[in-house]
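Report on the following structure.
What follows is calculated from the coordinates using simple rules that are stated; it is not laboratory data. None of the values given here were measured: they were computed from a predicted structure. All Cβ positions, even for glycine, are placed from backbone atoms using ideal geometry, and neighbour counts span all protein chains on display.
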Ligand SMILES: NC(=O)c1ccc[n+]([C@@H]2O[C@H](COP(=O)([O-])OP(=O)(O)OC[C@H]3O[C@@H](n4cnc5c(N)ncnc54)[C@H](OP(=O)(O)O)[C@@H]3O)[C@@H](O)[C@H]2O)c1
Ligand SMILES: *[C@@H]1O[C@H](CO)[C@@H](O)[C@H](O)[C@H]1NC(C)=O
Ligand SMILES: *[C@@H]1O[C@H](CO)[C@@H](O)[C@H](O)[C@H]1NC(C)=O
């Protein structure tokens, strides 16, 4: 009789260990989507009987508008922030009709402007409200060039992007944190992007979203050290349609803003401060975790092949960058 060569026991155990680690990782990922939402915990009346309010930035369109609608549905009154009063008034009347029992208030502020007085003024404007939530959703690529190497962006354009996606939310949190601490339990959400890991041709945007994600991680630990009853939840978002810049038909990997907003708020209380709230986006991103860097780079390059080629061949001057606006 011939004996088959046996596998050394330590390799078997190594295999078992790898399988267990993988199973734990998968269970953790999946459990985020199965836990019941704790959103209503934050929609609580104050001790002196005042109703709960949440501030949503960038609420006049897309994801912010959809989040505002869902938050109103869950018992919050909503401060709708944006830069265009007329557009905000339209959204306010639409939401008031859909939620007659709720109140809505407007906050007009250009998120590309980050002078200290702005944030003092916002805190003053909201000081009469029992604020128990802040959703830092405003963001995007700004009004200038998109999909180009950094030298093609004007300084103004880059300042706009970094201010809107990183500095504005940071200063807003700083100015409203005392209120949230006092009114706790409170919810502090932010809308990031799966491009936060270093995507080319949108470098300032990508890096700003990376900053926002790190900020959420720092604040999660600060909240714990300080003993505050505040939940920090940062959303890593893939492509969402039904927003100002994209009206394509939704698909499995590209949810509409309302579908995305429902998914995001269903994740409140899931126990992780940084999540990809929509399962279709997780399916898109999860395989990248198991790939070598060179393969990830190849996929990124391939997916940007048409978009970027216009802007990557010639070195830019500031004049040329201005022309691409
Ligand atoms: N849609 C996606 O595929 C996607 C993917 C990843 C991450 N995200 C993130 O999701 C968030 C919301 O994006 P969205 O897709 O819903 O975009 P959107 O439909 O364009 O909505 C953006 C909102 O922000 C407001 N806003 C823009 N610039 C502003 C400024 N300078 N000052 C004040 N408000 C300003 C807009 O006001 P107006 O109505 O006046 O323009 C609007 O209310 C952003 O942080 C974005 O980076 C989106
Ligand atoms: C503000 O919003 C209104 C209504 O949506 C729109 O007609 C107008 O063009 C917007 N103004 C600016 C400066 O974008
Ligand atoms: C919306 O986004 C998807 C995915 O990036 C893209 O394929 C589609 O062309 C976009 N639609 C519009 C109208 O920009």
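Comparing 45, 191, 57 in a Gaussian network model of the chain where C-alpha atoms under 10 Å apart are linked, the largest mean-square fluctuation is found at 45.
For the range 1-110, the Cα-based Rg and Dmax, in that order, read 25.6, 87 Å.
Take every DSSP beta bridge whose two residues both sit in the range 30-323, then give the antiparallel share in percent to the nearest 5.
Details: 1 of 28 bridges.
Close to 5 percent.
Going by a ≥ b ≥ c, the root eigenvalues of the Cα gyration tensor, does the range 1-48 fall in the rounded group (a/c under 1.5), the prolate group (a/b larger than b/c) or the oblate group? Note, shape of the range 1-48 comes out prolate.
Semi-axes of the equivalent ellipsoid for the chain, computed as √(5λ) from the eigenvalues of its C-alpha gyration tensor and ordered from largest down, come to 36, 29, 18 Å.
Would you work out if the range 133-281 is rounded, prolate or oblate? Take a ≥ b ≥ c from the square roots of the eigenvalues of the alpha-carbon gyration tensor; rounded if a/c is under 1.5, else prolate when a/b is larger than b/c, oblate otherwise.
Numbers: a/c = 2.11, a/b = 1.30, b/c = 1.62.
In terms of gyration-tensor shape, oblate.
Sequence gap at least 6, Cα distance under 8 Å: using those rules, report the relative contact order of the chain to the nearest whole percent. All intermediate terms of the calculation are to be shown ahead of the outcome.
Values: 523 pairs, mean separation 63.4, N = 325.
Relative CO of the chain lands at 20 percent.
What value, in deg cm²/dmol to 500, does the helix sum -39500 (n - 2.57) over DSSP H runs of n ≥ 4 give at 222 nm once divided by the residues of the chain?
Values: 12 runs with 149 residues, N = 325.
Calculated mean residue ellipticity at 222 nm is -14500 deg cm²/dmol.
Comparing mean-square fluctuations of 71, 172, 17 from a GNM of the chain with C-alpha springs under 10 Å, the top value falls on 17. Spin-label pair residue 124-residue 101: with each label point 7 Å from Cα along the Cα-Cβ axis, the two points sit 3.6 nm from one another.
Comparing mean-square fluctuations of 27, 179, 220 from a GNM of the chain with C-alpha springs under 10 Å, the top value falls on 27.
Take the Cβ-Cβ distance between residue 226 and residue 30 as r, set R0 to 30 Å, and report the resulting FRET efficiency rounded to the nearest 0.05.
Working: r = 32 Å, r/R0 = 1.05.
The formula returns an efficiency of 0.40 here.
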